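Taking it in order: structure first as structure tokens, then the write-up.
Taken together, the values in this text are just the output of simple stated rules run on the coordinates, not laboratory data. Keep in mind it's a predicted model, so treat the numbers as computed, not measured. In this analysis, Cβ positions are derived from the backbone assuming ideal geometry, glycine residues included, and neighbour counts consider all displayed protein chains.
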Amino acid sequence: MLKHYLEELTALEFSERDAGIQKAVTREKGAMNARGILHSSMTLQALAEFFGAEFALRCDFLREFVVTHSALCKEEDAITIAKTLFQTKSFEQRDRLKAAYVAATKPIVASLSSDFPRQIEEGLFAVFVTRIKKNNMYVEIAYQTMEADKREKAPVFALKPNFHGIGIDVEEVWRRYVKHN
């Protein structure tokens, strides 16, 4: 159930953001061209920062959705299901943004002869991996906390209220009066 909703929501949410990426890349390239530095490592760095920020937003969105809507995860091993779902969708977005970055920077990289383009690209991909690992830990911690809360809550067995409107907690009666006597 959780997977179904996440698939639909990400298709809608990220398709709008993908259209915005093309506009932002064009705008950034135009600004760099106006400054006369379009074919430079400065342009690559600016685009890498943009794509890094975009991935952070997408990755955080996925994490928040998976954690916030944990009630939709009815399976026995909710932690594994949630982490797998988060990782799968994060890797999809990572690959999509990698491809968009490479496509946007290909003409610039071709015109440069230094090692800076490769270093900038590796730095961007390292940002992607770090964000996924960090958010994966947040998902795991959130689900383990939820599981611990479920186990720690003592079940309350109460009788229906009598004609005076007072209910009786059977476990409390057992602990106080029956167990010790």
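Ranked by the mean number of other Cβ atoms within 10 Å of their residues, highest first, the peptides 53-62, 102-111 come out as 53-62, 102-111. Compute the Cα gyration tensor for segment 1-97, then decide on rounded, prolate or oblate, letting a ≥ b ≥ c be the square roots of its eigenvalues: rounded whenever a/c is under 1.5, prolate when a/b is larger than b/c in the other cases, and oblate in all that remain. Prolate, since a/c reaches 1.5 and a/b exceeds b/c.
The alpha carbon gyration tensor of segment 10-61 gives principal lengths a ≥ b ≥ c with a/c of 1.5 or higher and a/b no greater than b/c, which makes the shape oblate.
The P(r) of segment 90-140 has a tail past 17 Å containing 43 percent of all C-alpha pairs.
With a cut-off of 16 Å on the backbone N, the residues of segment 85-103 near the modelled label site 7 Å out from His69 along Cα-Cβ are 85-90.
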